[in-house]
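Visitor: Submitted below is the structure of interest, expressed as structure tokens.
Values quoted throughout were computed directly from the atomic coordinates according to the rules given, and no laboratory measurement underlies them. All values derive from a computational prediction rather than experimental measurement. Glycine also receives a Cβ, built like all others from the backbone with ideal geometry; neighbour counts cover every protein chain displayed.
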Amino acid sequence: MKLDLSGLLRDRFVRGTFFVTAANFGGALFNFLVHPILTRRLSIQAYGDFQALLSFVTILGVLATVINTTLIKEFSALVAARAGEFGALRRRAVKRFSLLGLAIFVLIVFFAGPLNILFHISKSAILVIASVSFLYSFPLSVNRAALSAKQDFFALALSNFLDPFFRILFVILFVVVWQLGLIGAAWAIALNGLVGWLYAFRQVKKLALPPPAVDFEPRLRRFWRYSLMVLWFTVLAQFSYNFDMLFVKSVFSPEEAGLYGALLTVGRIIYFVGGAVPIVMFPVVAKLGQDCRRRHAVLVKSLALMAALSLPVYFVMFRWPELVLRIVVGAKYLSMAPYLPAFGLVMLALSLVSVLSSYFLALARRRSLLILTGAVILEIILLGAFHGSLMQVITSLGASFAAAAVALLCLAFVEYRADRRLSESKVMSF
């Protein structure tokens, strides 16, 4: 069968996936280059502190993700038919959520002491420094939602790329050149999104959206119901992605936590490589709405793209784990080579869960959230019962993610069969 390359390039979904994948791949490369620098410049214990800090900021960033996902769905509905209302809503959201970011920053400053004790963080200032990012991350999420809804995937991809690019630039400046150590790494987290924020703001301004009707006043209250669903989903997703590092940091020794942090750094390459697929898929599925045939085709295409991107990376890790560890994080972490193939399978399962759960979230299907909730509960139970070694931690994660992936696949198949029966019944009645 002849491959129609020109047809693929004309496909907006494939083209958007290419742009976002290329930016994500470049961003992932820069994100992972940060870790080889830090593993060589920081002690194993300090690197464990950095990984715990990164997980903490990511978990709190759930709110920014909720805002982004909720507004993508709402903006996608407004962008074509009511562009003026889209622009007014965006401006109001930027103002309101900037205040939310300020409130979170103040709370972290107030509770920094107890949080440092909880996560055994050696330098008390790094939580406060890294939390500076919340002052601009929420309006940034609003503007990226606007770009996604407009399906301006090139601008979205470049905005996303700027964050890791400047993170590694600041790491080189603060950790290598000025030798500020863990404090410098915290400043790199705090400042890495500033340029992306400025760029996204400029790109949204260039859209030149028309003014709304005179009597229109944008309100965010009507979006809270879906926002709660997105919050539920995002908390579950971020918990699954970050809880293991915080758990290991709390239960294992600082050296073991640092080694596990290096394993996370390498294994998550699989997840990052395919991370563009659900980003591009979400606004497309949300816009298709009740068009069952086309949205199922988009899901199949998304799963195929995820496999094409992730499986070759896993093969390299499975075949040459020591070489991959040596290149990415350095020779002092080679003791984690026996764990890498198993952890790569965990990341493959998590990537599959990411695509399927994003698909159901775009359709506001609550049954998928019940599945994810069950998987998180299973993860907590398994980690609580089996954590005598790092391999037991990895096995527990793999079991919970695999169970979620299988359950979501079954739900997708059941929905497909139901939609097909409905379509057949409409044809017969006609």
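Visitor: How far, in nm, would the chain grow between SER98 and ARG40 when pulled straight, counting 0.36 nm per residue and subtracting the alpha carbon separation?
Guide: 17.2 nm
Visitor: While we're on this one: How would you order 94-102, 62-70, 107-115, 125-133 from highest to lowest mean count of nearby Cβ atoms within 10 Å?
Guide: 62-70, 125-133, 94-102, 107-115
Visitor: Moving on to the next point. Past 31 Å, Cα to Cα, is the threshold; run LYS95/LYS206; LYS123/LYS150; LYS73/LYS95; LYS150/LYS301; LYS95/LYS150 against it and keep the listed order.
Guide: Check vs 31 Å cut-off fails for LYS123/LYS150.
Visitor: Would you order GLU256, GLU322, GLU415, GLU379 from fewest to most other beta-carbon atoms within 10 Å of each residue's own beta-carbon?
Guide: By the 10 Å Cβ count, ascending, the order reads GLU322, GLU256, GLU415, GLU379.
Visitor: Report the net charge of residues surrounding PHE360, where surrounding means a beta-carbon distance below 9 angstrom and charges are Lys +1, Arg +1, Asp -1, Glu -1.
Guide: Taking every other residue near PHE360 into account, the sum is +2.
Visitor: Mind pulling up the Rg/Rh value for region 264-379? Radius of gyration and Kirkwood radius, both on Cα.
Guide: 1.07
Visitor: Separation between the HIS120 and SER335 pseudo-spin-labels, each 7 Å from Cα along Cα→Cβ, expressed in nm?
Guide: Rounded to a tenth, the inter-label distance reads 1.4 nm.
Visitor: If each residue's Cβ is checked for other Cβ atoms within 10 Å, how do TRP187, TRP232, TRP320 rank with the fewest at the top?
Guide: TRP320, TRP232, TRP187
Visitor: Another question about this same structure. Give the shape of region 324-389 as rounded, prolate or oblate, defined through the alpha-carbon gyration tensor: a ≥ b ≥ c are the square roots of its eigenvalues, a/c under 1.5 means rounded, and otherwise the shape is prolate if a/b is larger than b/c and oblate if not.
Guide: The shape class here is oblate.
Visitor: For region 81-196, rounded, prolate or oblate, judged on the Cα gyration tensor with a ≥ b ≥ c (square roots of eigenvalues), a/c < 1.5 rounded, else prolate if a/b > b/c?
Guide: Since a/c reaches 1.5 but b/c is at least a/b, the shape of region 81-196 is classed as oblate.
Visitor: Moving on. Please give the FRET efficiency for LEU169 paired with ARG91, using the beta carbon to beta carbon distance and R0 = 30 Å, rounded to the nearest 0.05.
Guide: So the FRET efficiency works out to roughly 0.45.
Visitor: Still on this structure: Run the numbers for LEU33 and ILE183: contour at 0.36 nm per residue of separation, minus the present Cα-Cα distance, in nm.
Guide: Taking LEU33 through ILE183 to full extension adds about 52.2 nm, to one decimal.
Visitor: Something else now. At 0.36 nm per residue, and after removing the present C-alpha to C-alpha distance, how many nm does the segment from ARG420 to ARG202 gain when stretched out fully?
Guide: Separation in residues times 0.36 nm, less the Cα-Cα distance, equals 74.1 nm.
Visitor: Within 15 Å, Cβ to Cβ, of ASN116, how many net charges do the neighbouring residues add up to if Lys/Arg are +1 and Asp/Glu are -1?
Guide: Here the count lands on +1.
Visitor: Going 7 Å from the Cα of PHE105 in the Cα-to-Cβ direction, what parts of region 125-145 have a backbone nitrogen less than 11 Å from that spot?
Guide: Within reach of a label on PHE105: 129-138.
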